Each structure stands twice: as structure tokens, then as C-alpha cells.
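The block underneath contains the structure these notes are about, expressed in C-alpha cells.
The values are calculated or read from the model by the stated rules, or taken from the named source; none is laboratory data. Note that the structure is a prediction, hence the values are computed from the model and not measured. Backbone-built Cβ (ideal geometry, glycine too); neighbour counts: all protein chains shown.
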Amino acid sequence: MSDVGTFAIRASLVFAVYSIVTALIGARLRDERFIVSGRRGVLAAAALLTLASGALIWSLVTANFSVLYVAQNTSLATPLLYRISGFWGNMNGSLLLWAWILSAYSAAVVLTNRGRNTVLMPHVIAVLMGILAFFLVLLTTASDPFTRLQVPPPDGRGLNPLLEDPGMFFHPPTLYLGYVALTVPFAFAVAGLLTGHLGPEWITSTRRWALVAWYFMGLGLVIGGWWAYHVLGWGGYWGWDPVENSVLMPWLVVTAYIHSVMVQERRGMLNVWNLALIILAFGLSIFGTFLTRSGVVSSVHSFARSSIGPVFVAFLAAVMLSAFALLLARMDRLQEAHQLESALSREGAFLFNNVALVAAAAAVFIGTTFPMLSEAVRGVRILVGPPYFNQVFVPIALLVLLLMGIGTSIPWVEETLPRLGRHLAFAATLAGAGGVILLVFGVRKPGALSGFILVMFVAAVTLAEFARGTRGRRRIGETVPRAVYSLLRTNPQRYGGYIVHLGVLMMVVGITASSGFSRQIDTTLAPGEEVRIGRYVLSLQRVVPYRDSTRIGIAAQLTVSNAGRALGVVQAGKVVHMSSQQPLNLVGIRSTPRDDLYLILAGVAPGKVRLQVLLNPLVFWIWTGMGVITLGTLIAVLPELRRTRRAGVTPATGRV
């Protein structure tokens, strides 16, 4: 199978280059035959990379140790699920995964744009295949995943034990689904700049791809946080790690784009800004790949190292300089249909929101890259820790929350301050009253109190919009459930977006509460002894041996009770991975909507155990919020996809 994989990668590179050439010749000569041939080349490259990926997965599943990559990332003792995840467990496989997803997305673009965007598509194909060709060149030279061993070992080294977890089975491919999706709007933006066709067609074609990228990057961040929370055993889910930040930065920029593109669609404004956002977001996705795979940063999330970091830097520099130079050259064609007439308007709120989101991304970028810059300039790596990010990022996030509430309710073009005040009075009063109640119950931290007040304000504004729309439908005789369904069906983008906002608010509540009000007790217990934390009483029952298919160790079993009522048993342990002898934590978690009881076994002494016991409030709502965001995203995206398939097209312009 390794020969099949090698052939498929090299053949896909040939087809990628072929598609670039034929698509550009077709655009130059206006000959549809060349363009159609280029489209077929895209489909052929996707089919070949599917074959190559299948060959690597098969080699991993069957433990074909004659392939170097398989010997390095799996073993006979590795469970089947994690043999598959060995696909993205190291650099070479990750690059193949990236290329495979990009080829699949490119094929989807080709298939869904037959007869549409005829002016843009040849250049879109050329850009997509040009980026794919870059990754394929790496795969055929420095990062070949099918390198053969002359003498296969009897067993492999195995996957990093920390990766043998369901969270890491889903986390990397989910992130890549988001990262790579940014290539599609970038390709449409560059195609629009190259052809001078910068009307609404490129926006229509890229908005749903931006939503896909935004959703999967967000989902990947949450899955990564969940993995860190229950595997790493330090009590949290977010530590401003460079790899975490590398996903957060493009996610913030794409969030800005998704909002500002509505201004361009509705008012014909922010054309240059939107193009710059898409270029920047794509550049940050490549930069994130450089961070995670180059070895220049130290991260608990980074398990692959290679020497191709400089190649990524060169590619990133070439792409960014070319794209922004093209944007500058086309500035004369990017005239705004309207100007910002009043800062007190929905477009004004969206613009301020955009500036805040980009400022947040810039703050994260500075903190993430400063250690590298300090080492390059002074020879000393100066680390930037969570205090910097919390002090800089949190105020900007609070501003974004405020603008989220104002932007939801303020009308387009212009609003008067007295009328806006009347419109927001109920939500502001409700939030203020909630803040007073929180003060009474002891919430004194300014950041946390401000966050909770703003969450209540935005939630009240958002639910009021739902109530206003529902009342309108009730006037024509619909029941409340039918009215809500009608709102979602007739305006899914707007009301799906509101559901997404509610999911974000849930996550903000969970993040604010768990980061600001977590409690920890370090204790030593003998069997039968108890410790109290919050409303829970924990009693150590016994210390027992622990063993599963890949790990052995010891575990402390504790009963949990509340007011004398038994709630169950929680187990925390120290284990060693049998193949690598790497020590791991076995974290004990009892999760409820109110709080998480979180146990770490710190050590074992004769007759006693040392425990770290944490009580993390409202963590449940972080994961639940992502579920609500998923629902809102589906509502916003799926009807749009159906409308796109049904829409008619004018071949000359590609306009829907």
C-alpha cells in the first residue's frame, strides 16, 4: 500500500499543476474546454489524495511497520481507534490530512459552482490548486509519509500516550476542517482581485465557507479544551498556550468577517476591509500551522516537530505580500456604495465590533510571538504568561459583548440616542438588577461582575428580538412554537445567528465562573477520612490497582456525598503507559450543571494519599454552549445551501 500512496501523492501533484495551467489558459483564451479540463483535474487530485489517505490509514490499521511513519506512530498494543488517529499524530500525516481536506473542499467548490461564477472560477481553481501544490511538494520531498524501512522492526514506537484519547481523535481533524476551509474564501477573494469582479458574487460564494471555517475552528478549540481538562490534570481547560492561540487568532478575524460581510451585503460598505480580513485570516491559518509543526514554540498541544518551519515562513510571506499587493493595486475598483452616515447605527456597531475583534487577535499575536522575537533580537526567550493575556484580552472581550448587544437591536443607517436608550432600557434595567443581586451574593471581582452583567444584557436583548418576531407572527394566528419555527425558516441567517449568540453567552458564563471562582484544597487522607469542599464531602474508601488495555497504575476511590446523601464514587489515579513508560494522570471528575468536582491524585504514601481537590463552577455550560452554537450554525447554513443549489445564474457574471 505504501507504493500506492506514494504514486497517488505524486500523481495528484501532477493533476494540481495541470489544473492550474489549464484553468488559466481557459480564462485567458475564454475557452470553456480548458476550464472544464481544469475542473476535472481538481476532481482527479481529490480522488488520488483520498486513495493516498486510505493507503496510510490501512498501513496504520494493519501495523505495516515497513513504513517509517507507521513504525513511529503506532504499535501492536495501540488500540484500533488510535491507530487511525496516528494519521494526524505527526508532521507527515498531518500534512497529508491537510492536503486531503483541501482537495475535498476544492472538489466541492468545483461541483457546487458548475454554471456559477464563471468569471471567477478559473482563478479560484488556480489559487486552490496552487496552495495544494505547495503541500504536495512537501509531501513528495521533505515530509513523505510513505518512506520505507529496509528492515522493518517487530513493533512500532507507538503514538504519544497523551494522544490516546477520544478528544485527540476528533480535535486535530476538526481544527483542520476549519483551518483549511479558510482557503476557499481566500481563493475567491484573490480571484475577485485578479479579475476585477468584486461585486456581490464573491461574497455570496464565500460567506458559507467562512461560517464553516468559523464553526470548525471553534469546535476544535472546545474539544481541545475538553481534552486538556480531563487528560492533562491541571484543573483547567485553557492556558493561553501558543497552539491554542494559533487557532484563536484566525477564529477572531473570521468572526469579524462574518459580521462585517453583512454590512457589505446590506449597505455596500467595507469592501476593502472584508477582503483584508479574509487574507489575514488565511495567513493566520498558515501561521498557526507553522507554530504547531515547526517546533519554535513549546506547547502541551504540540506533538510533532520538523525542520520545514522556514519553508512555511517563506510560503506565508510570499502569499501575504502578493495578496495585499494585489489588494492595493485594486483599490481604485473598490468603491463604497455608501459611507458610514452615523456611528450610532448597526453598521457602526459592526465596524466597532470588527475593530475590537481584530485588536483582540493582534493582542494574542503579540503575546504569542514575543518570546520568538525576543530570542531573535536579544538571544533570550522572554515568556509571556496568562497575566498579560488576561489583562489585555479580557477588557476587549467585554467591549465585544457590549457591542454584541447594541448591534443586535440598533437599526441600519442611523439611530438617535434617546430612541436607542428607550429600546435598550428594559435589557439594561434587567442586567443592572442582576448585577445588584450578584453583589449581594458576594460577586466582587470587577471583571467577573462586568462579564455577568453584560451577558444578562445581551441575553435580554437577544430574547427580546425573538419575542418581538414571535409577537408579529402571533398576530396572524400562529401558535408560539409555530411562530418560532416560522422565524427560523423565513430568516434563518438572522435567527440562527441569535441562537449562536446565546450559545456564546453560555460559554462566557462558564468561562467567567470557572476561571474566577474556582476553589482548590490540597489534602492528605487515610482510608475513612473525609474532606469538605463547598457542598461536597469526600471520603477516601481505598487505594486499588488500576489497569486497562494500555495503562497500569493505582487509583484512589472516594465516595461523594452532599448533606448526608450519597452521590456516587469518584476515582483519581496515577498510571503509566505500558509501551512508553510515560506517567499520566487519571483525573476524577463529577460534573453537574452547577459545578464540577475535580480530583487529582498528587501522590501516595504508606497508608495515605495526597489529593488536589478543585471545585470548578459552571464548566458544564462551556460544553453545552458549544452544542447551542452548533444548532444555530446549522440553522444559519443549511437553508442557505439549499437556496444556493436552487438559485438561477447569469453565465456572463456569475451573479445569483
For this session: Can you work out which of the residues in region 562-601 that are touching a Gly at 6+ places or on another chain (Cβ under 9 Å) and small (Gly, Ala, Ser) is surrounded by the fewest Cβ atoms within 10 Å (Cβ to Cβ)?
Result: Ser580
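Taking Leu81, is it crowded, with 24+ Cβ neighbours inside 10 Å, within 18 Å of Thr174 (Cα to Cα), assigned by TED's automatic domain parsing to the domain that holds Gly26 and of a type outside the set (Ser, Thr, Tyr)?
Numbers: crowded, with 24+ Cβ neighbours inside 10 Å: no; within 18 Å of Thr174 (Cα to Cα): yes; assigned by TED's automatic domain parsing to the domain that holds Gly26: yes; of a type outside the set (Ser, Thr, Tyr): yes.
Judged against the criteria, Leu81 is not a match.
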Seminar exercise, completed: Screening Asp548, Asp522 for residues that are in contact (Cβ under 8 Å) with a residue 60 or more places away in the chain, loosely packed, with under 14 Cβ neighbours inside 10 Å and out of contact with any Ser or Thr (no Cβ under 6 Å at 6 or more places or on another chain) leaves only Asp522
For this session: Consider only pairs whose beta carbons are under 9 Å apart and that are at least six residues apart or on different chains; among these, list those whose first residue lies in region 94-108 and is within 17 Å of Pro172 (Cα to Cα) and surrounded by 23 or more Cβ atoms within 10 Å (Cβ to Cβ) and whose second residue is among the basic types (Lys, Arg) and modelled with pLDDT under 95.
Result: Ser94/Arg293; Leu95/Arg293
Exercise. Which residues, taken from region 40-77, are surrounded by fewer than 24 Cβ atoms within 10 Å (Cβ to Cβ) and hydroxyl-bearing (Ser, Thr, Tyr)?
Worked result: Thr50, Ser53, Thr62, Ser66, Ser75
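Which of the helices (runs of 4 or more DSSP H) found entirely inside region 116-206 contain at least 2 residues meeting this: assigned by TED's automatic domain parsing to the domain that holds Leu43 and surrounded by 22 or more Cβ atoms within 10 Å (Cβ to Cβ)?
Working: elements: 121-140, 166-181, 183-195.
Result: 121-140.
Scan region 485-500 and give yes if some residue there is farther than 24 Å from His259 by Cβ and part of a helix (DSSP H, G or I), otherwise no. First the steps, then the outcome.
Step one: list which residues in region 485-500 are farther than 24 Å from His259 by Cβ, which gives 485-486.
Checking which are part of a helix (DSSP H, G or I) leaves us with 485-486.
Yes, the conditions are met somewhere in region 485-500.
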For this session: Scan region 233-241 and give yes if some residue there is in a helix (DSSP H, G or I), in the same structural domain as Tyr179 (by TED's automatic domain parsing) and of a type outside the set (A, V, I, L, M, F, W, C), otherwise no.
Result: no
For this session: Answer yes or no: is there a residue in region 27-40 that is assigned by TED's automatic domain parsing to the domain that holds Val109, modelled with pLDDT under 95, outside any helix (DSSP H, G or I) and closer than 30 Å to Leu120 by Cβ.
Result: yes
